[in-house]
Amino acid sequence: MQNPLDSKLPHVGTTIFSVMSRLANETGAINLSQGFPSFEPPDALLERFEYYLRHGANQYAPMPGVPALLQAIADKTLRTQGRSLDSATELTVSTGATEGLFSAITALVRPGDEVILLDPAYDAYEPAIDLSGGRAVHVPLAIENDEFVVDWQPVADAISARTRAIVLNFPHNPTGAVIDRDGLETLAGLLRDTAVYVVSDEVYEHIVFDDGRHHSVLSHDELWERSIVISSFGKTFHATGWKVGYAAAPAALTNEFRKVHQFTTFAVNTPAQCALADYVESDPEFYLALSSFYQQKRDLFCKLLEPSRLRLRPSRSTFFQVADYSEISEQADVDVARLWTTEHGVATIPLSVFCETPFSGCRLRFCFAKDDETLARAAAILSEL
């Protein structure tokens, strides 16, 4: 070809999750890298999916989503965050959170706009900003007592006349950081006299530990008016392969979101939507007990790692644990992640890939959404390093 393709994303390669999972599969390593559970969805949910496969739910769903699922989401949101949503005009089912995030960012961002990201930032955000002609402005989280927190002054300093949006991600992947009510109030104050929108990635909304609770943007009246909130059923119901998520936003923003969504994916898996609609309404105790379920996993994993030279502070949320390996190696985290996968048989995720400017220190992310035997085998290997 005389005119080779001029890439729209010249700096983007294969996502680190695919790279590390492929390396784990090739080497037979225990995969604590990619964030998927090693257990199946609840039987009652699977039974509803099978039912709808056999009972006429195999054609296109409505573009905004199956009405019963939209209503189930509205009911769940009222129960957990106190926000009453109009299921017809303020909710849209997406093909997982990734499509929801892409459609939200694409709907909002225009050429020349700036979007604030809090590093470490999930790697799906910036490509969507770039493709929309915007520019990501990275603001690192602060580290206090080995815990990641928001320092709001750098966020305030990053807001300018060019700022179109800020992307939040709480509960936070990869660090497990959370945002409290005071944090939402601070953010609302920073944005009060601006035209800045909020895209809030809340896929781990039901996994917060130590008697904490998730403070959603949905629960804050002032922030809600300028926000698109994205969540997912994959993380909540151990069904990441179903790729069913949703976006909540005021009617005007939902209208803009749907303009993109309808041409990105149009309709989402119909039998999965129908099954989820039934199960979310009939078994709320499942997602209400999810924090307790994963806290047991977190506590077990941390206890199993006590003999190791890894330094960690138990995660506050999600099903990820960050650990400092500086007493084991001074190599870069990307190199250590590869080495531990190929030579020692445990695959992890390096934190530096989520950052414009990597943090000082040596940190890896481990997924503990695995059966106890897998966690014990991985911890035994890590304790020998």
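The values are calculated or read from the model by the stated rules, or taken from the named source; none is laboratory data. Computed from a predicted model, the values in this text were never measured in an experiment. Because the Cβ atoms are built from the backbone with ideal geometry, glycine has one as well, and the counts that use them run over all protein chains shown.
Filtering 80, 92 for residues that are touching a residue at least 60 places away in the same chain (Cβ under 8 Å), assigned to a helix (DSSP H, G or I) and assigned by TED's automatic domain parsing to the domain that holds residue 265 leaves a single hit, 80. Could you go through the stretch 360-381 and let me know if any residue there is surrounded by fewer than 16 Cβ atoms within 10 Å (Cβ to Cβ), outside any strand (DSSP E or B) and modelled with pLDDT under 95. So far as the stretch 360-381 goes, yes, one or more of its residues are surrounded by fewer than 16 Cβ atoms within 10 Å (Cβ to Cβ), outside any strand (DSSP E or B) and modelled with pLDDT under 95.
Here 346, 334 are screened, and the one residue that is farther than 30 Å from residue 212 by Cα, touching a helix residue (DSSP H, G or I) at 6+ places or on another chain (Cβ under 7 Å) and free of Cβ contacts under 8 Å to residues at least 24 places away in the same chain is 334.
Any residue at all in the stretch 301-314 that's over 19 Å from the mean Cα position of the chain (by Cα) and under 22 Å from residue 237 (Cβ atoms)? Show your work before the answer.
In the first step, residues of the stretch 301-314 are kept if they are over 19 Å from the mean Cα position of the chain (by Cα); the result is 301-313.
Filter once more, so that each one left must be under 22 Å from residue 237 (Cβ atoms): 301.
Yes, because at least one residue in the stretch 301-314 is over 19 Å from the mean Cα position of the chain (by Cα) and under 22 Å from residue 237 (Cβ atoms).
So that you can scan it fast, the table gives a plain yes or no per residue for (1) assigned to a helix (DSSP H, G or I); (2) out of contact with any Lys or Arg (no Cβ under 9 Å at 6 or more places or on another chain); (3) at positive phi; (4) outside the structural domain of residue 164 (by TED's automatic domain parsing):
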| position | (1), (2), (3), (4) |
| --- | --- |
| 98 | yes, no, no, no |
| 103 | yes, no, no, no |
| 107 | yes, no, no, no |
| 117 | no, yes, no, no |
| 122 | no, yes, no, no |
| 126 | yes, yes, no, no |
| 130 | yes, no, no, no |
| 136 | no, yes, no, no |
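Of the residues making up the stretch 1-34, those that are farther than 21 Å from residue 354 by Cβ and modelled with pLDDT under 75 are 1, 2, 3, 4, 5, 6.
With respect to residue 301, determine if the residue is surrounded by fewer than 20 Cβ atoms within 10 Å (Cβ to Cβ) and assigned to a helix (DSSP H, G or I).
Numbers: surrounded by fewer than 20 Cβ atoms within 10 Å (Cβ to Cβ): no; assigned to a helix (DSSP H, G or I): yes.
Spelling it out, it is not the case that residue 301 is surrounded by fewer than 20 Cβ atoms within 10 Å (Cβ to Cβ) and assigned to a helix (DSSP H, G or I).
When residues in the stretch 99-118 are screened for being surrounded by fewer than 20 Cβ atoms within 10 Å (Cβ to Cβ) and either in contact with a helix residue (DSSP H, G or I) (Cβ under 9 Å, 6 or more places away or on another chain) or of a type outside the set (D, E, K, R) (or both), 3 of them pass. One residue alone among 212, 189 is in a helix (DSSP H, G or I) and not charged (D, E, K, R), and that residue is 189.
Restricting to the stretch 325-348, what's the tally of residues that are buried (at least 20 other Cβ atoms within 10 Å of the Cβ) and closer than 19 Å to residue 143 by Cα?
Taking the stretch 325-348 first, the residues buried (at least 20 other Cβ atoms within 10 Å of the Cβ) are 325, 333, 336-337, 340-341, 346-348.
If we keep only those that are closer than 19 Å to residue 143 by Cα as well, we get 325, 333.
Selection size over the stretch 325-348: 2.
Selection within the stretch 215-244: residues that are in a loop (DSSP other than H, G, I, E, B) and touching a residue at least 60 places away in the same chain (Cβ under 8 Å). The member of this set that is surrounded by the fewest Cβ atoms within 10 Å (Cβ to Cβ) is 243.
Looking at the structure I just gave you, is residue 286 closer than 25 Å to residue 371 by Cα, in contact with a Phe, Trp or Tyr (Cβ under 8 Å, 6 or more places away or on another chain) and in a helix (DSSP H, G or I)?
Against the criterion (closer than 25 Å to residue 371 by Cα, in contact with a Phe, Trp or Tyr (Cβ under 8 Å, 6 or more places away or on another chain) and in a helix (DSSP H, G or I)), residue 286 qualifies.
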